[in-house]
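Have a look at the structure below before the remarks.
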Amino acid sequence: DQLHRAEREAFMDWRRGLAQLQEQEGLLLTPFERNLEVWRQLWRVLERSHLVVQIVDARNPLVFRSEDLEAYVGEIDGRKKCLLLVNKADMLTETQRAGWADYFEGQGVRHLFFSAKESNAELERERELQAESESESEPDAESAPDAAEDEFEARVRAVALGAAELRTRVLAPAELVSVLMRECPQLADEKSGGKLVVGLVGYPNVGKSSTINALVGSKRVNVGAMPGKTKHFQTVHLTSDVVLCDCPGLVFPTFATTKADMVCNGVLPIDQLREFSGPSGLVAARIPKWVLEATYGIAVHARPVEEGGSGVPSASELLAAYAAARGLFRSGEGNPDEARAARVLLKDYVNGKLIFCHPPPSWPGDAAAFNAEHYDPAAVAQRTNHLVCADGADPDALPTVKHAASDRRNVQRAVRGAATAPHIDSLDRSFFGAAGGAQLGAQRHAKTHQIRAGNGFAQAQPAGIAALSFVNDRGERVAVTGVAAAAERAAGASKKHKKKRPGKQRGG
């Protein structure tokens, strides 16, 4: 009780200090973990562990690294060590890994590259092959687990990687365990049962539980797409000498990033997002427009520089184009459902379908040069199955995306009759009246949402929707849908005037 009371008082003093900094200095404090019980889980893991491994996302490692945490580990016990595990390293190219290795070495940070996703995929393939071989022969159920464990420990002992190989290599599970055992200080005592304890800490959704599953080789820890799946620290016996300790994901307070950045980094849950324009704008600014078009098979129309724009699509332009191509419209309004489109795009960005990696501070160029290999036309064409054409005569020209002929015919049918240029719309409106101008405007709006989706996606017909619209008394364009549209078409198809039958007259 006395310990819990002291922890509660220290935690409240720390929170009051952050609030004073926010008020006095005018700093923007991002959302962070305010539950004392979760912080207690972190403290218990740090006290138990001999080697503390911070797991960070390879796409933006500095956002997920906490230097204060490393300093706190040294205050607990100067003999304990810290190590940075750069997970999701399969999203980095060899050049990008070398750039981050140069930066970490310059800062004196011990680091390793790892990919839990690739390791788990390789593990699944091994399981399938093992299941096929066992189906042909009768395995010994009692000796199979012991044999697999002995084989894994033998592979761990056989690893012999030098410093040059560890610099940019994406390690396999056995190689990672071997390096962790080498880096872990020999502090095993009676409290740890004579075993070395490796603690895994970090932000939510960086892959702590997935890393443990890849190392252990069986699904011992729950894994989920929702950040913060692990609620209490868990211990897993990796080998006869090493114990892994998984800590719940914590969001540390920071003044450097915005809430939109935290959404794009996967720290905040996307399904609970209310404001989506900020994160979607970051995605539209970071991923080139032609890469977005090739990935989703859509045409994104951004205002060009000649018309006062930047050439980069805004959040609204990107979301409207995607929603129209996938048939995501708001019920009753007929407008593109940008909120649903934002959830899909942001999840694809967090999961790595849309790749953007931040460069280290020591990188000589900009972010576009750092991601040049990811946006190579040949690599994008192979990844998206779309024909990407680059202009060989002009190296500065952006690649163009070619789509299937059937898709182009669908687009022509969807926007047939919408070829009116925007600059003569005022003349058309004055000549044809308000209703004619509204219909032309609707057709032009449909043209900006051309459908270039591949097979299996909904083919919306925005031109047909625009044709069934009228202008009300307030000058607003209203879509006629459902039963009203059917009645409108039936009334316009054939008008038959029937004479009214004379009723029976009463006798006087």
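The values are calculated or read from the model by the stated rules, or taken from the named source; none is laboratory data. These figures come from a predicted structure and were not determined experimentally. Here Cβ is always computed from backbone atoms with ideal geometry, including for glycine, and neighbour counts include all displayed protein chains. To get the accessible areas, we keep the full protein, side chains included, count just its heavy atoms, and leave off ligands, DNA and RNA. Shrake-Rupley method; radii C 1.70, N 1.55, O 1.52, S 1.80 Å.
Some observations on this one:
- The range 5-70 shape via C-alpha gyration tensor axes, a/c threshold 1.5: oblate
- Accessible area in square angstrom per residue, the range 48-138, 1.4 angstrom probe: 49 Å²
- Using heavy atoms of the protein chains and a probe of 1.4 Å, the accessible area assigned to HIS237 is about 110 Å².
- Cross-link pairs exceeding 23 Å in C-alpha to C-alpha distance, out of LYS289/LYS347; LYS117/LYS353; LYS81/LYS195; LYS259/LYS347; LYS117/LYS259; LYS289/LYS353, comprise LYS117/LYS259.
- The charge dipole of the range 252-371, taken about the Cα centre with unit charges on the Cβ atoms of Lys, Arg (+1) and Asp, Glu (-1), comes to about 300 debye, rounded to the nearest 20.
- Peptides ranked, highest mean first, by Cβ atoms within 10 Å: ranges 157-167, 306-316, 48-58: 48-58, 306-316, 157-167
- For the range 1-130, averaging the sequence separation of C-alpha pairs within contact (under 8 Å, six or more residues apart) and dividing by the residue count gives a relative contact order of 19 percent.
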